[in-house]
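Engineer: Can you read through this structure? Questions will come right after.
Please treat every number below as a calculation from the coordinates, not as lab data. Treat the numbers as computed from the prediction; the structure is a model and nothing was measured. Here the Cβ is made from the backbone with ideal geometry for all residues, glycine too, and neighbour counts use every protein chain on show.
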Amino acid sequence: MKYLLILLVIALALAPLTHFLPSKRQRLIAKMREYAAVHGLFVEFRDLPSRATRQGREERKQQIIYYGRRLPPSRKDARSRTAWACEDGNWLSLAERTAVPAALEQMPATILAASLDEGSCGIYWLEVGDEADVKQIVSALEAWQGQL
């Protein structure tokens, strides 16, 4: 009986430590981000591009995860900042009638938007996929970088 009571007290003392263990979802996200980093992408929070910013209206900024590929400095003209949004499976330009890059058609359906600026090309998403989606994103961004 004494040993059972001691074991119970130890279990109660150690129980709060289990809250520091990552959940399955947190482990999956860490694995996806690690895969992206190993394959040349960087991951950061950025404001989601929207039509309101294009039209000059103020809109509440929404921070979304951005998976991007760094681009070498352009030797010709500077790259203009351009963005595309995916609405119902169709890519729409948020800039002045800019053609949609062919590489965006290879993206998973969970992608919210894509952007191109002087330093990087990349996508915005909520990380609601798995490592196969990240592989697809890596290959599509490599193809996009090759087209630039």
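Engineer: Note the direction-averaged projected area, equal to a quarter of the hull surface, for the Cα convex hull of the chain, in nm².
Structural biologist: 12.7 nm²
Engineer: What is the local net charge at E142, summed over the other residues whose Cβ is closer than 13 Å to its Cβ (Lys, Arg +1; Asp, Glu -1)? Numbers along the way, then the final one.
Structural biologist: Numbers: positive: R69, R70, K135; negative: none.
In short, +3.
Engineer: Continuing with this model, one more query. How high is the FRET efficiency between D130 and S74 when r is their beta carbon distance and R₀ equals 30 Å, given to the nearest 0.05?
Structural biologist: On the way: r = 34 Å, r/R0 = 1.14.
E between D130 and S74, to the nearest 0.05, is 0.30.
Engineer: Based on the alpha-carbon gyration tensor of region 73-113, what equivalent-ellipsoid semi-axes (square roots of 5 times the eigenvalues) come out, in whole Å, largest first? Let's see the in-between values first.
Structural biologist: On the way: eigenvalues 98, 28, 13 Å².
After diagonalising the Cα gyration tensor, the semi-axes are 22, 12, 8 Å.
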